[in-house]
């Protein structure tokens, strides 16, 4: 059993799809499938139930998943320990972020880091905060900029960066446009434009609505910020978003505070509990720039 096989297995389990897992791992689908089949052959049992749309873990696969993640995390910690003893920054630093978190100019920070630590190869990926935290847990990423959405998996910790409130974005002709604030009850009556499930803004807002005994009406789902702003501008729905979004199109969209004290956007740096020197250096650099 090889670490690479476990990485492939965890990727498929996380994505529930061989094609998406192959894209995430940046390998061919045939190579990924062959690796998983070899692992199943070695263990003498299927790890997934396969269909044309998705793959589901078998009972054996579920038993292996947590152990595989722990093994990968331990291997990553071992690599970081060796790097620390060497006293130099090298190797690969895998960084993730969700779109438009606010606060940190990550591109600028990565450029500065690469200038100061040319021996480190930096890889960057975008995803929803929940998925980024899972990648930290299973050893696929070393550091991620995320919005906190709930309990953390074993082996991951977060360092707070900033906190802000939520607002409603709407078309200037919408009934909310001239209000000083709106309640969750009022918002629940409106069709919404929202990010895909797994994105932090969607998860945090839905949790607040559920806690209030309300259901949201996300009639249009998007996977990028600019499309969300376009749809709101055309009057196709309102959007529940972090406060810094109000600065994106102040001439064409109205922003109204949400009257909900427990609805907060908490940005943090997610890292493994046993962080390596390169990730630690980047984290310290980001925090010093705030």
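Each value in this text was obtained by applying a stated rule to the coordinates, not by laboratory testing. Predicted, not measured: the structure shown is a model, and the values here were computed from it. Glycine also receives a Cβ, built like all others from the backbone with ideal geometry; neighbour counts cover every protein chain displayed.
With the largest listed first and rounded to whole Å, the semi-axes of the equivalent ellipsoid of the stretch 164-204 from the Cα gyration tensor are 20, 12, 10. Fewest neighbouring Cβ atoms within 10 Å first, the residues 142, 105 line up as 105, 142.
In whole percent, what relative contact order does the stretch 1-87 give with Cα contacts below 8 Å and a gap of six or more residues? Normalised by residue count, the contact order of the stretch 1-87 is 28 percent.
Axis angle, to the nearest 10 degrees, between helix 277-289 and the longest C-alpha principal axis of the chain: 20 degrees. One Cα centroid belongs to the stretch 172-234, the other to the stretch 116-147; the line between them spans 28 Å. With all projection directions averaged, the alpha carbon convex hull of the stretch 1-87 covers 6.0 nm². Expressed in Å, the radius of gyration and Dmax of the Cα atoms of the stretch 175-229 are 11.6, 31.
Taken over the stretch 162-266, the alpha-carbon convex hull comes to 92 cubic angstrom per residue.
Could you tell me how many degrees, from 0 to 90 and to the nearest 10, lie between the Cα long axis of helix 200-211 and the main elongation axis, the longest principal axis, of the Cα atoms of the chain? Tilt relative to the chain: about 60 degrees.
Measuring nothing but how far apart in sequence close Cα pairs (under 8 Å, 6+ apart) lie, relative to its length, the chain scores a relative contact order of 21 percent.
If you model the stretch 91-161 as an ellipsoid using its alpha carbon gyration tensor, with each semi-axis the square root of five times an eigenvalue, the axes come out at 21, 15, 10 Å, biggest first. Across the chain, Cα-Cα distances exceeding 27 Å account for 49% of all pairs. Quick one: angle between helix 29-43 and the longest Cα principal axis of the chain, in degrees between 0 and 90, rounded to 10, please. So the helix axis and the longest Cα principal axis differ by about 60 degrees. Judged by the ratio a/c of the largest to the smallest principal axis of the C-alpha gyration tensor, the stretch 44-152 counts as oblate, that ratio being 1.5 or greater while a/b is no larger than b/c. A full extension of the chain between residue 234 and residue 4 corresponds to an added length of 78.1 nm, given 0.36 nm per residue minus the alpha carbon distance.
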